[in-house]
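Only one structure is covered here, and it is reproduced in the block below.
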Amino acid sequence: MLNYTLRRLFTVIPILLVLIIFSFYLMRLAPGGPFTSERPLPAAVMANVLERYGLDEPLHVQLWTYIKNIVFHFDFGPSFSQKDRTVNDVIAQGFPVTLTYGFWSAVFVLVCGVPLGVIAALRHNSFWDYTMTGLAIFSQIFPNFVLAPLMVLLFTLSWGLLPGGGWNGGQWQYVIMPAVALGTSYMAGVARLTRGSMLEVLGSPFIRTARAKGLPERTIIIRHALKPALLPTLTYMGPVFVYMITGSVFIDVFFSTGGIGQDFIDGAYSRDYSILLGLAILYSVLTFTLTLLLDLLYAWIDPKVRSNM
Amino acid sequence: MTPHPKPPLLSVRNLSIRFRTGDGMVHAVNDVSFDITRGQKLAVVGESGSGKSQIALSIMGLLARNAQAEGEILFDGSNLLKLPTSELNNIRAREIGIIFQDPMSSLNPYMTIERQLGEIVELHEGASRSTARKRALEVMDAVRIPDARNRLKSYAHEFSGGMRQRVVIAMALMCQPKLILADEPTTALDVTVQAQIMQLLDDIQRDLGTSIVLITHDLGLVAGFCEDTLVLYGGRIMEQAPTLEIFEKPGHPYTRGLLRAVPNIGDPAAKLLAIPGSPPNQRRAIASCPFHPRCVDAVTDCAEKLPQLDGGNSKRACLRPVEELT
Ligand SMILES: Nc1ncnc2c1ncn2[C@@H]1O[C@H](COP(=O)(O)OP(=O)(O)OP(=O)(O)O)[C@@H](O)[C@H]1O
Ligand code: SF4
Ligand SMILES: [Mg+2]
């Protein structure tokens with residue numbers, strides 16, 4: 001297993017490199033640059049600015065410098081649009097925010113979605129099952145840009161229970177609504193997925209074997225059925241979790257959390273190459289790490305996967 | 001054979017099993033009655049779909065949700081069909097064990113063999129983990145799984161088909177039940193392994209005095225193993241007699257067809273499918289001999305009357321006397 005993990009870690013280096021090179025050229029191919037504006041700067045000033053950010057060098061030299069700085073100094077360079085801030089600063093400020101509400105959102109998704117799915121499966125074709133399935137379908141088609149304003153309307157404007165935006169160092173009152181608004185449709189997805197796979201597992205021959213042993217139903221569910229029933233949910237949650245902790249642009253903008261989604265939008269508008277590249281690298285590293293963790297989790301659950309590692 | 005003086009261990013009385021399905025009722029088992037005494041080995045034979053597995057499942061209380069069972073299954077003074085699950089759980093594995101048809105899918109792929117075996121005695125005998133492990137080892141040795149100690153932590157997929165079947169048998173043996181229902185315990189296996197498994201079941205019966213119901217569609221398997229045989233067709237008992245008699249002077253046209261279809265007794269590859277025609281439609285309750293469309297001896301009466309199972313030690317359900325059969 002350790003071997004496998006190391007192997008995976010090594011394969012990621014070339015992948016990351018290709019990704020950096022590719023996005024680097026791609027972004028510079030787009031017309032315009034960080035310092036183009038409607039009223040062009042005087043030629044001398046422009047040359048000065050370009051020189052300061054190293055943008056006057058040939059592209060491959062720029063790329064080489066960029067990679068060198070990352071590898072040796074873990075420095076993603078200065079932001080082109082935000083004066084006196086580095087990309088490291090921007091990420092260090094915004095990422096903890098999205099990580100926080102994204103994490104709680106994922107917790108909400110699992111803690112509510114899995115039990116709801118299990119209960120619906122156990123009460124198969126009963127009132128509870130239909131209610132749950134109905135609610136799940138309803139909230140799955142409910143986009144967060146409808147849900148978020150609705151929540152603000154109720155919890156902030158009508159009842160005054162929760163602040164309608166801001167972050168305030170991540171106090172729980174400020175985390176709740178972004179996390180729930182972001183997670184609700186995924187929670188519904190998880191509930192439906194869990195219900196389906198639980199039903200399938202409960203109908204499988206090895207559960208019949210467990211019944212033939214005389215085990216009480218609760219033991220059968222917890223000991224025999226839950227693990228396999230959660231496998232599809234795990235697969236589903238992998239990419240969703242990456243998406244959640246890297247921040248939803250909509251949530252960041254709507255709740256003014258100061259999360260990283262906001263930086264991404266700003267970076268795209270102002271052609272801030274260094275921010276965009278930095279975020280792209282962050283996303284891919286996170287995606288990679290989480291997929292690896294997920295695969296290891298999978299292997300922990302499924303011995304067949306484990307023996308193939 | 002002498003009549004059994006002992007009271008039966010398990011007594012199935014007028015068992016009928018029906019399934020509610022999208023397009024009507026399926027009559028899978030109809031009015032089946034038989035007894036099993038202590039230490040008896042009884043074979044239940046019949047074509048695919050004749051209701052063999054459903055009888056076993058109904059004894060364990062494991063019928064599908066859309067099933068309705070009528071009649072009685074008497075065990076230790078109670079009717080298993082009426083017993084609440086909590087009480088049934090005290091009988092499952094402890095008093096009656098089952099070996100399922102497909103060893104591949106009937107083992108949990110996510111649990112070690114040790115846990116799957118151990119949890120049975122932990123549940124029924126309150127054994128500790130280490131006692132349970134010891135017991136699992138003993139039973140694995142008993143079913144001759146080589147190198148059992150090192151295989152405790154293995155998972156189902158790490159075993160060959162034959163070994164997996166032994167694990168499933170080990171499961172049924174953990175609490176030394178009085179009765180084992182073996183549902184086609186050797187179908188998936190090749191001939192040599194098949195013989196070993198049958199030998200194993202034989203040893204278990206001899207050593208522990210366990211009663212065994214052997215469900216199979218392979219008459220060849222029955223010949224050397226069971227003293228009594230019950231022949232099912234369309235969910236009905238056609239004939240029930242000592243195995244020797246079934247082979248030497250079968251009293252029912254269906255049994256005779258089966259024997260003719262087995263070219264060489266003892267050749268396990270020979271299957272029961274060679275009687276011309278197809279199994280009966282089970283969508284309606286019938287009031288004729290279920291076998292009459294395929295029976296070479298059928299007379300007009302056969303399409304109008306339902307023959308009753310009749311006789312002493314050897315019972316048969318046929319409207320025509322044995323002497324008249326071809
Ligand atoms: N859940 C169910 N719903 C409807 N019909 C069912 C259901 N389960 C079993 N049956 C029907 O019951 C009949 C008897 O099935 P059973 O499994 O007892 O056959 P079998 O004799 O064990 O055959 P095989 O040799 O193939 O195992 C079959 O016709 C089958 O289609
Ligand atoms: S009752 Fe008639 S049809 Fe049925 S087995 Fe006997 S002879 Fe054949
Ligand atoms: Mg069967």
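Here are some notes:
- B:Ala182 vs. criteria closer than 23 Å to B:Ile55 by Cα, within 16 Å of ligand 1 (Cβ to nearest atom), within 14 Å of another protein chain (Cβ to nearest Cβ) and open to solvent by 10 Å² or more (accessible area, probe 1.4 Å): no
- Answer residue from region B:14-66, given it is in a helix (DSSP H, G or I) and away from chain A (no Cβ under 14 Å) and is farthest from ligand 2 (Cβ to nearest atom) among those: B:Ile55
- Criterion violated by B:Gln116 - all others in (1) at pLDDT 95 or above; (2) open to solvent by less than 10 Å² (accessible area, probe 1.4 Å); (3) in contact with a strand residue (DSSP E or B) (Cβ under 6 Å, 6 or more places away or on another chain) satisfied: (3)
- Residue in region A:270-293 that is polar (S, T, N, Q) and free of Cβ contacts under 8 Å to residues at least 12 places away in the same chain present: yes
- Yes/no for A:Gly189 being part of a loop (DSSP other than H, G, I, E, B), under 22 Å from the mean Cα position of the chain (by Cα) and in contact (Cβ under 8 Å) with a residue 12 or more places away in the chain: no
- Restricting attention to region A:259-308, the residues that are outside any helix (DSSP H, G or I) and away from chain B (no Cβ under 14 Å) add up to 4.
- Test: residue in region A:142-163 that is open to solvent by 70 Å² or more (accessible area, probe 1.4 Å), modelled with pLDDT of 90 or more and outside any helix (DSSP H, G or I): yes
- Test: residue in region B:88-96 that is open to solvent by 20 Å² or more (accessible area, probe 1.4 Å), touching a helix residue (DSSP H, G or I) at 6+ places or on another chain (Cβ under 7 Å) and more than 10 Å from every other protein chain (Cβ to nearest Cβ): no
- Of the helices (runs of 4 or more DSSP H) lying entirely inside region B:133-248, those containing at least 1 residues that are of a type in the set (Val, Ile, Thr) and within 16 Å of ligand 2 (Cβ to nearest atom) span B:243-248.
- Close pairs from region A:106-134: first more than 27 Å from A:Val175 (Cα to Cα), partner among the acidic types (Asp, Glu), Cβ under 8 Å, at least 6 apart: A:Ala120/A:Asp129; A:Ala121/A:Asp129; A:Arg123/A:Asp129
- Hey, A:Val175 touching a residue at least 12 places away in the same chain (Cβ under 8 Å), assigned to a helix (DSSP H, G or I), β-branched (Val, Ile, Thr) and buried (at least 23 other Cβ atoms within 10 Å of the Cβ) or not: no
- Number of positions in region B:70-86 that are farther than 25 Å from A:Thr219 by Cα and either among the small types (Gly, Ala, Ser) or assigned to a loop (DSSP other than H, G, I, E, B) (or both): 4
- B:Ala69 fulfils the conditions (1) open to solvent by 10 Å² or more (accessible area, probe 1.4 Å); (2) facing chain A (nearest Cβ under 9 Å); (3) in contact with a strand residue (DSSP E or B) (Cβ under 7 Å, 6 or more places away or on another chain) except for a single criterion, (2).
- Residues in region A:200-219 that are in a helix (DSSP H, G or I) and surrounded by fewer than 17 Cβ atoms within 10 Å (Cβ to Cβ) were compared, and the one that is nearest to the other protein chains (Cβ to nearest Cβ) is A:Pro205.
The values are calculated or read from the model by the stated rules, or taken from the named source; none is laboratory data. Keep in mind the model is a prediction, meaning the values are calculated, not measured. Every residue, glycine among them, receives a Cβ derived from its backbone with ideal geometry; neighbour counts consider all protein chains shown. Quick note on the areas: whole protein, heavy atoms, side chains included, nothing else; ligands and nucleic acids left out. Shrake-Rupley method; radii C 1.70, N 1.55, O 1.52, S 1.80 Å.
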